[in-house]
Amino acid sequence: MPVLVVGSIALDHIKTPTAEHHHLLGGSASYAAVAASFFGPVNLVGVVGDDFPLQHKQLFADRKIDLTGLEVAAGQTFCWSGEYEMNMNNRKTLSVALNVFEKFQPKLPESYREIPYVLLGNIAPSLQRSVCGQVRKPKFVVADTMDLWIEMARADLLKLLKEVDMLILNDSEAKQLVEEDNLIVAGKKIAALGPKYVAVKKGEHGCLLFGRDGEFFSTGAFPLEHIHDPTGAGDCFAGGFIGHLARTDDISFANLKEAVIQGTLVASFCCEEFSLRRLEKLSEGEIHERRKAFGTYIG
Ligand code: AMP
């Protein structure tokens, strides 16, 4: 089954304690679409400026991502700049230039409207909601979000929660959204706000999955000794998650648990190099190998 991915497409500037890189391919949709492409056909909706390098577009094409929904607008591509602390977990945003993203209104090509598996990558909840209004009877809709929208667009985010099947966010964002310090209580409270499921990411400590009817699953992350750039790991998690659901066309809780593991594994590859460089070289065989090893770690 095909997947629809909507989100940001960016040129990122990233600084870590040991390296600094400019004009890297980034954005929630770029990472998520490439991650999902290891599982089946992907259709991308987003906007880039007329400065967007051909080589980045080629990367999407090489992954057989359908680009009918990719808008090229006059102006510069969205640009995000971030810096990681020594521990590679804490990061601060140094600057954001919305550029062509400022006027972006996702418009789904007619051929995308019946796509059954939908990933609303991290963008403003009002834009995510506009996509919900354009798809017809999707089978499963996942939304990703971040602290910025919890602070600046809470009302829209709360409306969105009633329109999606699952929300993905990280641990501090989950606590922030429902003003609750206990993560288990926070997960349950978010599920009560609308989505059937909530995935709470805990970085190097893995992920929790909550179901509205009391279902629960917890997994660790794949153990990595060297993290070069964790940017986009969350988006890769979301892409791997929806990709697995679409490939298997099974939305049972048992399969959602496997989707969490597949998302975790794709995210682990993402951290091994800057930008999408590791995913560019990744093969499905390597994901299978890592899945086998992970199986022995989790018993
Ligand atoms: P992650 O590390 O999974 O949180 O994703 C990082 C990516 O999100 C980067 O490539 C950024 O270009 C993109 N990003 C950062 N801030 C925003 C924002 N406000 N809206 C959409 N995308 C963003």
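Structural remarks
- Compactness of region 220-266, taken as the C-alpha radius of gyration over 2.2 N^0.38 Å, stands at 1.21.
- For HIS21, the accessible area of its heavy atoms, probed at 1.4 Å with every protein chain present, is near 50 square angstrom.
- Note on region 108-210: Cα Rg divided by 2.2 N^0.38 Å, N the number of residues, gives 1.05.
- Computed over protein heavy atoms with a 1.4 Å probe, the accessible surface of the chain works out to 43 Å² per residue.
- Once you divide the Cα radius of gyration of region 158-299 by 2.2 N^0.38 Å, the number left is 1.03.
- Net charge over other residues, Cβ less than 12 angstrom from the Cβ of LYS257 (K, R count +1; D, E count -1): -3
- Isotropically averaged projected area of the chain, using the convex hull of Cα atoms (one quarter of hull area), nm²: 14.0
- Spatial separation of Cα centroids for region 1-80 and region 251-291, in angstrom: 18
- Loop-resident sites, region 29-79, for trypsin sites (Lys or Arg not before Pro), counting at most 12 other Cβ within 10 Å (DSSP): LYS64
- Residue-level accessible surface for MET1, protein heavy atoms, 1.4 Å, Å²: 110
- Going by accessible surface with a 1.4 Å probe and the largest first, ARG91, ARG113 read ARG91, ARG113.
- With distances taken between every two different alpha-carbon atoms, region 1-80 has a Kirkwood hydrodynamic radius of 12.9 Å.
- Contact order normalised by residue count of the chain, Cα under 8 Å, 6+ apart, percent: 18
- In terms of accessible area, using a 1.4 Å probe and ignoring ligands and nucleic acids, ASP50, ASP229 rank largest first as ASP50, ASP229.
- Over 19 Å between alpha carbons, listed pairs LYS201/LYS257; LYS107/LYS201; LYS137/LYS196; LYS57/LYS281; LYS64/LYS281; LYS257/LYS281: LYS107/LYS201; LYS257/LYS281
- Chymotrypsin sites (Phe, Trp or Tyr not before Pro) within region 197-299, DSSP loop, no more than 15 other Cβ atoms inside 10 Å: none
- Distribution of pairwise C-alpha distances over region 29-184, 5 Å bins, in %: 2, 8, 15, 20, 20, 18, 12, 5, 1, 0
- Accessible area per residue (1.4 Å probe, heavy atoms of protein chains only) ranks ASP213, ASP249 as ASP213, ASP249, with the largest value leading.
- The longest stretch of the chain left intact once loop-based GluC sites (Glu not before Pro) with at most 13 other Cβ atoms within 10 Å are removed from consideration, loops following DSSP, is 1-84.
- Per-residue SASA entry for THR231, accessible area with 1.4 Å probe, Å² rounded to 10: 10
The values are calculated or read from the model by the stated rules, or taken from the named source; none is laboratory data. This is a predicted model, so every value here is computed, not measured. Virtual Cβ from ideal backbone geometry, glycine too; neighbours counted across all protein chains shown. Areas reflect the complete protein model, heavy atoms only, side chains present, ligands, DNA and RNA absent. Shrake-Rupley method; radii C 1.70, N 1.55, O 1.52, S 1.80 Å.
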